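The values are calculated or read from the model by the stated rules, or taken from the named source; none is laboratory data. Please read all numbers here as calculations on a predicted model, not as lab measurements. Positions of Cβ are backbone-derived with ideal geometry, glycine not excepted, and every protein chain shown enters the neighbour counts. Keep in mind that these areas ignore ligands, DNA and RNA; they rest on the heavy atoms of the full protein, side chains included. Shrake-Rupley method; radii C 1.70, N 1.55, O 1.52, S 1.80 Å.
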2 protein chains.
Amino acid sequence: MAGLSDAKGRILSIQSHVSYGYVGGKAAVFTLQCLGYDVDVVSTVNYSNHAGYGRSGGSKTTAAELTSIFAGMRQNELLVADRLLTGYSPNAEGLSAIAELVEELKRTRPNLVYLLDPVLGDSGRLYVSPDVIPIYKSMLPHASIITPNWFEVETLTDIQLVDLSSLRQAFHILHTTYHVPNVVMSSIPLKSWLADALPASIRPYSAEDDANAEYLICIASSATPGNNSAEQVSAVYAQCVPAIPGYFSGVGDLFSALVLGHYYPSTPTTSSSEQLPLAYAASHALTTTHEVLRRSHESALLLPEEERQPSDDELDRLNPLRKTRRMRGRELRLIQSQDFIRGTDKVQLRRMEAWEGFWTV
Amino acid sequence: MAGLSDAKGRILSIQSHVSYGYVGGKAAVFTLQCLGYDVDVVSTVNYSNHAGYGRSGGSKTTAAELTSIFAGMRQNELLVADRLLTGYSPNAEGLSAIAELVEELKRTRPNLVYLLDPVLGDSGRLYVSPDVIPIYKSMLPHASIITPNWFEVETLTDIQLVDLSSLRQAFHILHTTYHVPNVVMSSIPLKSWLADALPASIRPYSAEDDANAEYLICIASSATPGNNSAEQVSAVYAQCVPAIPGYFSGVGDLFSALVLGHYYPSTPTTSSSEQLPLAYAASHALTTTHEVLRRSHESALLLPEEERQPSDDELDRLNPLRKTRRMRGRELRLIQSQDFIRGTDKVQLRRMEAWEGFWTV
């Protein structure tokens, strides 16, 4: 356990806080602490619970409050993190204050590893103010890694992802126009054109997984500098995992934290064979996230029936507590999964495999 | 590891938050999560760092914001913790909002275990607004356990603790006037009258500890209902630990969290012999707190010289960063101590021993 006992580094996390449940900082901070990092925690909102419940209490942190916290840290020489993680920020004023800090940190700490999770929305719907989009675009060149979902890639690149060619175009824009070295998209439904494009080495159906299950795919793309021809912009890796039924909140926040926590700019040699730093981090993030979800799903199945009613907008409208109870039953079982996060309970690694021919076939 | 993997319970923690370092919620929440509890987290302030640095940024959470968070949780049926922990609250308005919630929770959840840490000040100096004192006095009857320091016992009971008789009088007031079943005072300098009053079984000098060291004493007093004569108000336990040199912030917050985390109203039978629930909890809290402090002290000794300058108000005034750097070097090494907190790295238990004759000799 020497690895956990020694100081591993310091991460500044700037994202949402909820009193109850596990999204934003509540999903990320404990996870990174379990991995051995000191985490400095700044909250962009202080809400009672996540938005999925339909109602919540609390308040947004104003830009002036964020600036005051950063000023206090600066004055006391406490802006000393070697890693930075930014997530949900509800409006342009707050995000601008964060963007200023990012520029300062990149200037003063040139080795800063910065994971930017551009939290914009999902499934075609924005859940932040639209004026944050240009600010995120301006922040992209500072990021070491970004973890957008499908919708966020479309929004940031203005490319509709409808086939392999548009996916290539989007990665090309992120790597070359925005100079992002590392991109990881997770939890992507395995559409048929995606499944058809995958090389045989990444076909989803493994022996232990159900051949009838639905699958999600995770794609990681790591820029290959000095090889910036349109044909070979990056090294692309992918892996499929069986989809866990139902919707859980905070999964993306957990995944992003795990990618950052497992990212080592010079990768430690793994026992099997070496992987690029990004592929190594994404493999571990994918494995742990899936394990937390599996466990959360299993626990949810054991709840009383009223806590696990299926989604039904009409019935939810008649009784708002119906939705509330479903949400409560679907909070991540993060605390109960801590031995998996820490790696003391082992599971088979879901290894990201090279997507040979992504740029050329 | 079954004990850690299963849901252990849910704690609502209401206290301070700092972005950098480990006081208030930053000391308590991770600790309780490591012990297996889901923790709902409400912050009474959001500061950049603790007050010991001399300067800080951020803001207090207003009473209206606290009330809004509690209302959101109430509306969504999220006030479901079976344990409550309250700590630092900077002013009367905020504390009144918390006191209202406490009354509601005690009414609706009669088995609630409530640890109240009445954070008022230390060494003769208040560090909250004086109008919080009557509010704390009104909250005491709702508490299952309180963890005041020496100064806070004096302030709440209006008794100067100068001899065994006044100590008895203070405990008597807390147990019978304020109906507090359990009181734990930790980190008490072992004054000579206290050392002289201790029974031989609690004499400080053990084989492994340095006979020349300074000692602190922890005293736990658990009311014995049905035995409310002035002679035998409570069962009293105590233990001495060697003092770790220098001042560390957040130690009381860590200790209180550990007492609550290890408190089982019906104590599990321990391998050696059974202890009262409070003595069991205090023994584990004392042991872990000492271990975290020992480790923090050892790490501080390895820092560059400018990070470990001794306290000197005059030199600090000339260069405020001198104090800042000392504070930064003296943050608790909580993350690096997580295996001790969790109990996977074992240390010898510092067992609270019965103080026979406390009320009678």
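A few remarks follow.
- With a Förster radius of 45 Å applied to the beta-carbon distance between B:S192 and B:R109, the computed FRET efficiency rounds to 0.50.
- MRE, 222 nm, helices only [DSSP H, n ≥ 4, -39500 (n - 2.57), over chain A, to nearest 500]: -11000 deg cm²/dmol
- Dipole of chain A, positive direction: furthest Cα of A:T360, A:G72, A:F340, with charges on the beta-carbon: A:G72
- Taking one quarter of the surface of the C-alpha convex hull of the range A:1-114 gives a mean projected area of 7.7 nm².
- Label-point spacing at A:D82 relative to the other copies reads 4.2 nm, in ascending order, each point sitting 7 Å out from Cα along Cα→Cβ.
- Separation of the B:R203 and A:T360 label points, Cα + 7 Å toward Cβ, nm: 8.2 nm
- Mean partner shielding of peptide B:50-56, defined as the number of other chain Cβ atoms within 10 Å of each residue Cβ, is 3.
- For the cross-link pairs B:K60/B:K323; B:K8/B:K137; A:K323/B:K8; A:K106/A:K137; A:K26/A:K60; B:K191/B:K323, the ones whose C-alpha atoms lie over 19 Å apart are B:K60/B:K323; B:K8/B:K137; A:K323/B:K8; B:K191/B:K323.
- Each label point was placed 7 Å from the Cα along the Cα-to-Cβ direction; for A:L301 and B:A213 their separation is 5.1 nm.
- Amide hydrogen proximity for B:K8: with H placed 1.01 Å from N in the peptide plane, the residues at 5 or more positions away or on another chain lying under 5 Å are B:D38.
- When A:Y20, B:Y47 are compared by accessible surface with a 1.4 Å probe, the order from highest to lowest is B:Y47, A:Y20.
- DSSP beta bridges fully contained in the range A:95-222 are about 65 percent antiparallel.
- Kyte-Doolittle mean at least -1.0, axial Cα span of 27 Å or more - DSSP H helices of chain B: B:277-301
- Beta bridges by DSSP in the protein assembly as shown, antiparallel share as percent, to the nearest 5: 50 percent
- Here is how far apart the B:Y264 label points are across copies: 3.8 nm, shortest first, using a point 7 Å from Cα toward Cβ.
- Test item: Cα-centred dipole of the protein assembly as shown, Lys/Arg +1 and Asp/Glu -1 on Cβ, debye: 100 debye
- Antiparallel %, DSSP beta bridges [both residues in chain A], to 5: 50 percent
- Counting only protein heavy atoms and using a 1.4 Å probe, the accessible area of B:E307 comes to about 20 Å².
- Reported to the nearest whole Å, the Cα centre-to-centre distance from the range A:89-116 to the range A:289-361 is 30.
- Of B:L12, B:L303, B:L32, the one that fluctuates the most in a GNM where chain B has Cα springs shorter than 10 Å: B:L303
- Inter-copy label distances for B:H179: 6.8 nm (label point placed 7 Å from Cα along Cα→Cβ; shortest first).
- Largest to smallest accessible area among B:D82, B:D313 [probe 1.4 Å]: B:D313, B:D82
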